[in-house]
Amino acid sequence: MLKYYLLTIKSAKIDLTMISRYFLIMMQTFISMLPYIQLILAIILTASVLLQTRGAGTGGLFGGGEAVFRAKRGVEKFLFWFTVFISILFVGTAIASLLLSR
């Protein structure tokens, strides 16, 4: 019974070294791809911010505007939350890049 546990522990050590090697390879791949991910997120974030109009609906894109406050609906609401999500991803990748570059 004790031999079985010792063999299990030895095989677990082998598995841990394989997992640590796999993790190291994945981290190196992620670090090398991080600048490209940041560039793509920056372009998407810039486009989503430029598509939004200040204080107006989508009619503000074509010169029309309203002076009354309206709730975001439909595409405007989706674009707003999409911009928030992309900005959180961008800040997260920037912090990851800062921490992993050391």
Problem - Residues of segment 78-100 satisfying the condition of being closer than 13 Å to residue 35 by Cα and either in contact (Cβ under 8 Å) with a residue 60 or more places away in the chain or not aliphatic (A, V, I, L, M) (or both) - result: 90, 92, 93, 96, 97, 100
Exercise for the section: Kindly indicate the residue of segment 15-63 that is surrounded by 11 or more Cβ atoms within 10 Å (Cβ to Cβ) and not in a helix (DSSP H, G or I) and also modelled with the highest pLDDT among those meeting that condition. Expected result: 52
Exercise for the section: Go over the candidates 71, 12 one by one and state the one that is at pLDDT below 85 and closer than 30 Å to residue 100 by Cα. Expected result: 12
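The values are calculated or read from the model by the stated rules, or taken from the named source; none is laboratory data. Just so you know, these numbers come straight off a predicted model, no measurement behind them. Neighbour counts run over all protein chains shown; Cβ positions are idealised from the backbone, glycine included.
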